[in-house]
1. Determine the pairs where a residue that is more than 10 Å from chain A (Cβ to nearest Cβ), located within the stretch B:331-354, has a partner that is exposed (fewer than 14 other Cβ atoms within 10 Å of the Cβ) and not aromatic (Phe, Trp, Tyr) with Cβ atoms under 9 Å apart, the partner being 6 or more residues away or on another chain.
2. I'd like the residue in the stretch B:311-361 that is more than 21 Å from A:ASP34 (Cα to Cα) and over 24 Å from the mean Cα position of the chain (by Cα) and, out of all such residues, is modelled with the highest pLDDT.
3. Could you grab me the full set of residues in the stretch B:413-451 that are within 27 Å of B:ASP183 (Cα to Cα) and either modelled with pLDDT of 90 or more or not in a helix (DSSP H, G or I) (or both)?
4. Take B:ALA221 and decide whether it is buried (at least 22 other Cβ atoms within 10 Å of the Cβ), on the phi < 0 side of the Ramachandran plot and either away from chain A (no Cβ under 14 Å) or among the polar types (S, T, N, Q) (or both).
5. Residues in the stretch A:91-105: is at least one part of a loop (DSSP other than H, G, I, E, B), closer than 21 Å to B:PRO488 by Cα and either more than 14 Å from chain B (Cβ to nearest Cβ) or of a type in the set (A, V, I, L, M) (or both)?
6. Would you point out the residue of the stretch B:461-475, among those that are within 25 Å of the chain's Cα centre (by Cα) and among the hydrophobic types (A, V, I, L, M, F, W, C), that is farthest from B:PRO365 (Cα to Cα)?
7. From the list B:VAL405, B:VAL388, B:VAL371, pick out the single residue that is under 30 Å from B:THR254 (Cα atoms) and touching a Gly at 6+ places or on another chain (Cβ under 9 Å).
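The values are calculated or read from the model by the stated rules, or taken from the named source; none is laboratory data. In this text the structure is predicted, and so the values were computed from the model without any measurement. Using ideal geometry, Cβ is built from the backbone for each residue, glycine included, and neighbour counts are taken over all protein chains shown.
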Amino acid sequence: MKRLISLILLLVLASSACAARDDSLVVYSGRSEDLVQPLIDRFSDETGIAVTVRFAGSADLAATILEEGDHSPADVFFAQDPASLGTVALAGLFSELPATLTDLVPARFSDSERQWVGTSGRARVVVYDGSRVDPSDLPSTEDGFTEPEWSGRTGIAPTNGSFLAFVAAKILSDGEDATREWLKGMAANSSPTYAKNSPIVAAVNAGEIETGLVNHYYLLRFLAESPDEAGRNFFFTSPTAGSLVMPAGAGILRSSGNQESAQAFIEFMLSTEAQMFFAEETYEYPLLPGIPADSLLPPIGSIPTPDIDLSDLATVLDLATDLVAEAGLI
Amino acid sequence: MSRRDSIINVGSVRGVPASTPGTSRTSPKSAPWWLWATALALLAPVSIAIVSLFLRAFGASSTVLETLLTTRTLRLAGRSFLLTILVTAAAIVIGVAGAWVLTRTDIRFKTAWGVVFALPLVIPSYVIAMTLISSGGPRGLFANLVGFPLPHVTGLVGAWLTLTLSTYPYVFLITSAALRRTDPAIEEAARSLGSSPGRVFRTIVIPQLRPAVGAGALLVALYTLSDFGSVSLMRFDAFTRVIYAQYSGRLDRTPAIVLSIVLMLVAGVVIWGEQRSRGRGALFSRKPTRPPSMYRLSRGQQVAATALLASTVALGAALPIIVLVGWVVESLKAGDGFFLSVPAILGSLTGASLAAIVAMAAAIPIVVLGVRYQSRRTAWLERSVLFVFSLPHITIAIAVVSFTVRYARPVYQSMFVLVIVYAAMFLAQVTGPARASLLQVNPALGEASRSLGRGTFRTMLAVTVPLISRGLLAGGALVFVTTLKELPATLLLAPSGFTTLAVRIWAAADELLYARAASSALVLIAVSVIPVYYLAIKPKDVRNS
């Protein structure tokens with residue numbers, strides 16, 4: 001028993017030694033450890049700034065920051081979607097970023113009041129089974145999927161953050177009523193629902209469903225593993241929320257006493273090195289002009305985009321969730 | 001009822017003082033204050049955090065009732081309730097059958113089966129769900145084995161199968177511990193008086209096991225209600241799925257919190273049902289002085305029993321492990337190697353062992369109060385342990401975040417709070433088996449100690465705790481194993497930079513890096529096997545000492 005207790009004490013010491021670094025930058029990351037930790041390590045190596053990261057879902061972290069208010073231990077919030085960033089911005093908890101940072105990316109990928117800046121782009125697409133569906137039969141916007149011919153054929157992930165952000169964008173571009181009708185139409189079409197994007201792509205590859213509404217990069221990761229998969233990406237041909245490019249991005253907490261290092265962190269994420277990493281390792285769109293995306297992807301400028309301000313996304317997020325619930329999808 | 005009373009009399013014939021536990025013997029005494037203080041030390045802060053979250057939700061919004069009183073809410077409650085009943089029933093059948101076969105018959109390779117049969121407990125339920133999904137369906141592994149296309153394993157059937165497989169070990173472990181403790185002499189007396197084995201099982205064994213099976217079944221039911229991972233993977237529209245969706249999709253937390261309260265009410269119905277059916281059939285007997293005589297299985301029965309054990313273990317443990325190993329092998333072949341994170345292993349071991357120790361310590365006063373000083377207040381104490389266990393972890397985590405950030409900032413995001421929350425969350429897993437142990441301990445032993453001059457406190461430490469140590473340790477092992485699998489509270493409450501194996505699995509699987517997820521999952525299973533080995537094997541060695 002004594003040996004057991006001393007073993008446990010040893011473990012406590014060892015793990016607290018791993019966690020305690022007082023001078024470090026604290027980053028709340030909604031982006032997953034497996035994707036961004038290598039990049040953060042490079043940042044620490046190059047700048048000598050130690051970084052302690054808390055990984056969790058973007059929405060959970062946004063909510064945690066709201067609870068923490070002015071006393072957040074975090075210096076930087078690195079999130080997967082503009083809705084989570086907007087939530088923190090709305091609460092007035094970010095500090096304004098210098099224009100030299102926000103101007104690095106096209107204006108539509110950063111907050112209009114410089115509260116946060118996009119670091120990489122993720123397009124909403126249709127994933128379809130290339131062996132069974134002719135892309136010319138696919139509708140020009142997501143509205144076509146409520147037609148009876150698509151009944152039971154289109155997978156959606158109504159509880160997923162990126163789907164909800166897309167619904168919020170649709171409210172901004174098409175209005176509340178049209179979005180409600182569309183969601184009801186998808187429900188009436190008994191569209192199969194999944195927990196996340198990745199099982200939808202897997203289901204398309206497995207021949208379970210023919211089409212699905214997802215983010216663009218999941219398929220590319222599947223294809224990198226096994227190039228024979230049947231799935232293909234389709235970008236809507238008319239400007240619509242269904243083909244919106246939504247940035248993952250970062251902002252600096254107003255309460256941070258470490259603003260300079262925090263800016264260095266964001267600057268690094270917008271460096272050529274980091275942008276190449278996003279293009280090559282995570283199959284996202286780099287936002288720094290001049291850095292090419294994966295060769296399987298159309299150029300970011302060629303994707304038809306609705307005219308909405310992503311800064312407003314968070315203001316209709318609750319409404320989006322309510323509409324999805326009202327349609328009976330959650 | 002009359003039949004159960006008659007069994008208690010059988011017990012008293014064997015020389016145990018003929019008094020019913022709980023009521024007449026203990027009610028005149030009132031519990032010492034320090035017993036209450038220690039019982040509340042762990043539970044009170046967490047409960048206060050949860051209650052204040054609930055109150056804030058009601059204060060913040062006028063839409064509470066609108067969220068609450070939709071037909072959809074009722075339908076969801078009904079679906080979750082149905083799933084809970086189906087899972088609990090199946091887990092009882094499998095768990096009790098397995099426990100009886102492995103403690104009371106001469107089935108071969110008993111020791112090995114004892115460990116293996118408990119193994120699904122250590123496999124995270126989302127891993128079981130993932131492997132069932134990938135093995136089912138017209139093109140899956142099962143279809144290839146039988147040679148014709150099979151339906152996809154999803155929805156109610158999939159969720160039922162997954163949760164049954166990952167929870168029956170609760171019933172199995174707690175019931176086998178109780179079976180080992182019961183005095184075989186009563187069974188033998190009944191058999192010598194001409195009762196058939198079936199009748200002995202029905203009238204002697206089952207009533208004696210009632211507290212243990214009840215404790216196990218309650219854990220199964222409440223686990224099922226609070227589970228999120230497997231119902232969402234199986235695409236079964238249960239309560240937790242909607243609660244998580246509301247949390248992730250909204251700034252306004254009110255609807256999710258209100259739905260958590262409804263879930264707690266459903267749990268209340270389950271808890272009430274278990275307590276109603278408890279009756280007063282507690283039975284204590286002397287510590288068994290010799291092993292029970294084993295029921296000899298015929299060759300056919302031997303085969304049938306082995307088939308039952310084997311098929312359960314195949315689905316619940318072998319298949320997931322094979323699939324995980326397959327992913328790792330693929331990754332090794334691709335030259336990516338085996339992903340091993342030392343901080344994650346250290347973090348998992350630290351969190352889980354501290355949680356187990358704290359939970360065991362906290363359970364002692366609660367169980368003693370509940371059994372020896374039974375009253376309306378102690379009943380609520382026991383119920384609050386169960387209510388906390390039934391809540392989705394995300395709700396508890398959010399409650400504790402908002403509470404500590406306001407009122408206990410120095411310990412915000414500290415190991416201290418994380419361990420407290422782990423222990424409170426899983427406390428029911430210790431109080432269940434420990435309560436079942438204590439019910440089998442004759443209160444006269446404690447009284448004898450006190451009459452010989454030991455105080456209540458020293459009696460508790462020197463007499464009661466050693467007598468229920470097996471139940472406590474079994475519970476501690478359960479807490480250890482479930483803490484290893486815990487995710488939402490770890491993500492939100494742990495010190496920044498702290499990581500665990502469960503976190504690694506979640507992060508990697510979320511990004512489709514299955515080989516990485518599989519490496520961590522295999523390490524997690526390997527780590528959990530130690531306490532399960534202890535649960536299944538050690539008690540047998542201890543008994544003869």
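1. What qualifies is B:SER331/B:GLY337; B:PHE338/B:LEU332.
2. Restricting attention to the stretch B:311-361, the residues satisfying the condition of being more than 21 Å from A:ASP34 (Cα to Cα) are B:311-323, B:349-361.
Applying the additional criterion that residues be over 24 Å from the mean Cα position of the chain (by Cα) yields B:322-323.
On the way: B:ILE322: 90, B:VAL323: 87.
Top of the filtered list is B:ILE322.
3. Of everything in the stretch B:413-451, those that are within 27 Å of B:ASP183 (Cα to Cα) and either modelled with pLDDT of 90 or more or not in a helix (DSSP H, G or I) (or both) turn out to be B:ALA428, B:GLN429, B:VAL430, B:THR431, B:GLN440, B:VAL441, B:ASN442.
4. Working: buried (at least 22 other Cβ atoms within 10 Å of the Cβ): yes; on the phi < 0 side of the Ramachandran plot: yes; either away from chain A (no Cβ under 14 Å) or among the polar types (S, T, N, Q) (or both): yes.
Yes.
5. Within the stretch A:91-105, the first condition is being part of a loop (DSSP other than H, G, I, E, B), and the residues that meet it are A:91-93, A:95-98, A:103-105.
When the remaining residues are screened for being closer than 21 Å to B:PRO488 by Cα, the result is none.
Within the stretch A:91-105, none of the residues are part of a loop (DSSP other than H, G, I, E, B), closer than 21 Å to B:PRO488 by Cα and either more than 14 Å from chain B (Cβ to nearest Cβ) or of a type in the set (A, V, I, L, M) (or both).
6. Going residue by residue through the stretch B:461-475, those that are within 25 Å of the chain's Cα centre (by Cα) are B:464-475.
Within this subset, residues satisfying the condition of being among the hydrophobic types (A, V, I, L, M, F, W, C) are B:465, B:467-468, B:472-474.
Working: B:VAL465: 10, B:LEU467: 14, B:ILE468: 12, B:LEU472: 12, B:LEU473: 15, B:ALA474: 17 Å.
This residue is B:ALA474.
7. Values: B:VAL388 fails: touching a Gly at 6+ places or on another chain (Cβ under 9 Å); B:VAL371 fails: under 30 Å from B:THR254 (Cα atoms).
From the options B:VAL405, B:VAL388, B:VAL371, the qualifying one is B:VAL405.
So that you can scan it fast, the table gives a plain yes or no per residue for (1) within 8 Å of chain B (Cβ to nearest Cβ); (2) assigned to a loop (DSSP other than H, G, I, E, B); (3) out of contact with any Ser or Thr (no Cβ under 6 Å at 6 or more places or on another chain); (4) modelled with pLDDT of 85 or more:
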position	(1), (2), (3), (4)
A:ASP22	no, yes, yes, no
A:VAL26	yes, no, no, yes
A:ARG31	no, yes, yes, yes
A:ASP41	no, no, yes, yes
